[in-house]
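Student: Quick one: this structure, given as structure tokens, is what I'll be asking you about.
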């Protein structure tokens, strides 16, 4: 049941994407209850998720970037 | 020594443009043309125009600011082109030839006709640009994994297959990326 602080933070991040297992969530929740620092980190992590959602971010795919780079290199 | 400093200040790094600025410029363009394909083309055209105009870069603005100024002009040209057939084109450019800015980029002095109304829309766009700026400071692989997972919404399995990493590595990278982003955005947005 005991996990390291770093592992707890990783689980916190994983839970932001809804991909933590029930066992990982249990471990995380116990850790958050015991350590305020982890609770603060969780709050910030949730805030980051909400900011990313609010910003409606767009990104080019890696293949689009590669193609863009090749075209640009031809002009260099 | 002074000469060397001056030369460095004027230097452009087009070989890094795609990695460092493509997403930032893409977000700016998408917010204005609301079409990802057109936005992508505008970013590509901006890079080409940047290369062609490299000799005009005076180092007064940061490289990214300079590219945004070119992109802004590309967006104006885009709307002018699609409106011209209908006789709707109207672009107001207030170029002050008598100021100290004479000879500078016209784009820097153009009132943005595509500015949106509503404080929240502007705030969300600023937020998006702030996040993109922070993402651009991440190590390349962390930024790549964060983008694929958080922005493109790809599955863990697909990302792992594409990048040849295991899920454990993926979560470590995302965790590190998010921790860095929290620190980067802390003062203004948290």
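A short reminder: the numbers here are calculations on the coordinates, not readings from a lab. What you see is a predicted model; the values in this text were computed from it and never measured. Don't worry about glycine lacking a Cβ; one is built from the backbone with ideal geometry, like all the others, and counts go over all protein chains shown.
Student: Using just the helices of chain A, give the 222 nm mean residue ellipticity in deg cm²/dmol: DSSP H runs with n ≥ 4 each add -39,500 (n - 2.57), and the total is spread over all residues, rounded to 500.
Tutor: -25500 deg cm²/dmol
Student: Roughly how far apart, in whole Å, are the Cα centres of chain A and the stretch B:12-32?
Tutor: Rounded to whole Å, the Cα centres lie 23 Å apart.
Student: With label points built 7 Å along Cα→Cβ from the Cα atoms of residue B:62 and residue A:17, find their separation and express it in nm.
Tutor: 2.8
Student: Between residue B:162 and residue A:62, with labels modelled 7 Å along Cα→Cβ, what's the label distance in nm to one decimal, could you check?
Tutor: Here the modelled spin labels are 0.7 nm apart.
Student: I've got another one for you. Give the angle, between 0 and 90 degrees and rounded to the nearest 10, that separates the Cα long axis of helix A:36-55 from the longest principal axis of the Cα atoms of chain A.
Tutor: 30
Student: Order of B:65, B:179 from fewest to most other C-beta atoms within 10 Å?
Tutor: Lowest count first: B:65, B:179.
Student: Fewest first, what order do A:22, B:66 take by the number of other Cβ atoms within 10 Å?
Tutor: A:22, B:66
Student: Continuing with this model, one more query. Report, to the nearest 10°, how far helix A:5-16 tilts away from the longest principal axis of the Cα atoms in chain A, using its own Cα long axis and a range of 0 to 90°.
Tutor: 60
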